[in-house]
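Student: Structure below; questions to follow.
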Amino acid sequence: MKITVIGTGYVGLVSGVCFSEFGFDVVCVDNNVAKITALQRGDIPLYEPGLDKLLLKNIQAERLSFSTDAKESVRDADIVFIAVGTPSKSDGSADLSCVYQAVDELAASVNKDAVLVIKSTVPVGTTRAVKNFLLNRGVKLDVVFNPEFLKEGAAVEDFMHPDRVILGVESERAREILSHVYRPLYVFNIPIVFTSLETAELSKYASNAFLAMKITFINEIANLCECCGADVNEVALAMGLDKRIGDQFLQAGPGYGGSCFPKDTSALEDFAHKLGAAMPLVNETIRSNGDRRQRMVEKILQACDHDVKGKNISVLGVTFKADTDDMRDSPSIDIIEELIKRGARIKIYDPSFSKQAEKIFSDVVWSKNAYDNCSDADAVVIITDWSEFRALNLKELRHRVRNPLLIDLRSMYPVSEVKASGFAYCSVGRGFEKLES
Ligand code: UGA
């Protein structure tokens, strides 16, 4: 079975590498020459735990290769996956130009018996439109929609042990071929659900929007906790023990970011509106999450006596979540920019040493570790939930800072522990514990 994957972003690269790990022959294609040259050498252009080892192993086993030539790479492929980006346009709709560019490019040379699988997240109706687009060019292919549910930072594990595989198919033949591709998951009893194209497309948006809404809900509960003396972590624990609710995605924080939830909730809102369906919960999720960053700035200002001018703020973590170097739509961007505008002096330590972050923040000082970053700080602000911030030596930190104030936007510490180490502690969804004077 020969597989060609077009697009080497998170979804394309992880899928390509993992399919080769399953034992298939895989070619990953991208029109970015520098990226493909790096990948051919075994260099990964993104930070994803575990991916580098699998990549090298499968290149050496000659099951995995990279190319910039889409036309040639699809010629003898049995399956072609399209996993190119579908970023947001300024009106919130999904930009499908890369999908159509890829389809256009492969139309002339694709193996006529191949199955074309759209893995990019696309609005409902797109897969059928792609099928018709090809028919208009005289190419009759089986076209399938197969959403990807992997999370950055856990992408390999999510691909290898998914909760489910969703396949929008329209022919028995496509169903058989895709069953074969995902047969390696059979040993783990992973449910494989076959649906129509439209149902599979909507399943992806509905899943992401639901998770975004769940996070937004717990953030609203966090706001309420701050007003009534409850502890959001304990409320989340109590809720999550109910199996109907589940304990995941109930961590309150600075709001969701990244390349998926913001983009997909906007696209869902856009295409639902065009189809005449109202989505007030999704609209409110987008609005509430948007407001969250300003609320975090206000929280920081309040803890700093409403004045950060000339103060040293030590920021721990800037990526949109832990275990990635990805800065796309990270809450840290808005928060730090606002603090800089108000005259704060910002020092940053992020365990990924993200190159993207270095390009975004110019007027800041970068540190090599958390402790150096906190020297002479007037406030330490945790923005990203990196594991190494879970067990900081607070006593050691206490000696480094100028003013013992910890503002923890991920509520990672028990309040009593922080207080005992001599810090004032301002977290999310719990009261502000000031130092006794
Ligand atoms: C998300 C989905 O979780 C994946 O299933 C999906 O495949 C992917 O989008 C996609 O569409 O490609 P991802 O954006 O990588 O994955 O990251 P998440 O772990 O979902 O986190 C998204 C944001 O929510 C982050 O900013 C994170 O900090 C925040 N979050 C997450 C919370 O604030 N609280 C939580 O409890 C969980």
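The values are calculated or read from the model by the stated rules, or taken from the named source; none is laboratory data. Predicted model, so just to flag it, every value in this text is computed and none were measured. All Cβ positions, even for glycine, are placed from backbone atoms using ideal geometry, and neighbour counts span all protein chains on display. We work out accessible area using only protein heavy atoms, side chains counted, and drop any ligands, DNA or RNA first. Shrake-Rupley method; radii C 1.70, N 1.55, O 1.52, S 1.80 Å.
Student: What helices (runs of 4 or more DSSP H) completely inside the range 329-383 contain at least 3 residues that are under 18 Å from LEU394 (Cα atoms)?
Tutor: Here the list reads 370-373.
Student: Looking at GLU358 and the list (1) touching a residue at least 40 places away in the same chain (Cβ under 8 Å); (2) away from the ligand (no atom under 16 Å from the Cβ); (3) open to solvent by 60 Å² or more (accessible area, probe 1.4 Å); (4) within 30 Å of VAL11 (Cα to Cα), which single condition is not satisfied?
Tutor: Of (1) touching a residue at least 40 places away in the same chain (Cβ under 8 Å); (2) away from the ligand (no atom under 16 Å from the Cβ); (3) open to solvent by 60 Å² or more (accessible area, probe 1.4 Å); (4) within 30 Å of VAL11 (Cα to Cα), only one is false for GLU358: (1).
Student: A further question follows. Looking only at the range 243-260, which residues are open to solvent by 30 Å² or more (accessible area, probe 1.4 Å) and not acidic (Asp, Glu)?
Tutor: LYS243, ARG244, ILE245, GLN248, PHE249, GLN251, CYS260 - these are the residues of the range 243-260 that are open to solvent by 30 Å² or more (accessible area, probe 1.4 Å) and not acidic (Asp, Glu).
Student: Right, another one. Could you pull out the residue among ASP52, ASP95, ASP43, ASP104 that is acidic (Asp, Glu), more than 28 Å from SER354 (Cβ to Cβ) and surrounded by fewer than 20 Cβ atoms within 10 Å (Cβ to Cβ)?
Tutor: ASP104
Student: Scan the helices (runs of 4 or more DSSP H) fully inside the range 33-90 and keep the ones with 3 or more residues being without any contact (Cβ under 8 Å) to a residue 24 or more places away in the chain.
Tutor: Those helices (runs of 4 or more DSSP H) span 33-41, 51-60.
Student: Moving on. May I ask you to verify whether ASP270 is surrounded by 14 or more Cβ atoms within 10 Å (Cβ to Cβ) and more than 13 Å from the ligand (Cβ to nearest atom)?
Tutor: yes
Student: Still on this model: Within the range 124-145, can you find the residues that are closer than 27 Å to GLU269 by Cα and either within 12 Å of the ligand (Cβ to nearest atom) or among the β-branched types (Val, Ile, Thr) (or both)?
Tutor: VAL124, THR126, THR127, VAL130, VAL143, VAL144
Student: Right, next: Could you please find all residues in the range 146-175 being among the charged types (D, E, K, R), more than 17 Å from LEU197 (Cβ to Cβ) and either in contact (Cβ under 8 Å) with a residue 40 or more places away in the chain or away from the ligand (no atom under 16 Å from the Cβ) (or both)?
Tutor: Listed by number, the residues that qualify are GLU152, GLU157.
Let's see how each residue does on (1) of a type in the set (Lys, Arg); (2) under 24 Å from LEU55 (Cβ atoms); (3) not assigned by TED's automatic domain parsing to the domain that holds ASP326; (4) not in a loop (DSSP other than H, G, I, E, B):
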site	(1), (2), (3), (4)
VAL103	no, no, yes, yes
ASP113	no, no, yes, no
VAL122	no, no, yes, no
LYS140	yes, no, yes, no
PHE149	no, yes, yes, no
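Student: Out of (1) within 16 Å of the ligand (Cβ to nearest atom); (2) without any contact (Cβ under 8 Å) to a residue 12 or more places away in the chain; (3) outside the structural domain of PRO331 (by TED's automatic domain parsing), the odd one out for ALA209 is which?
Tutor: Unmet condition: (2).
Student: Tell me yes or no: at least one residue of the range 328-341 is at pLDDT 95 or above, open to solvent by 60 Å² or more (accessible area, probe 1.4 Å) and at positive phi.
Tutor: Within the range 328-341, one or more residues are at pLDDT 95 or above, open to solvent by 60 Å² or more (accessible area, probe 1.4 Å) and at positive phi.
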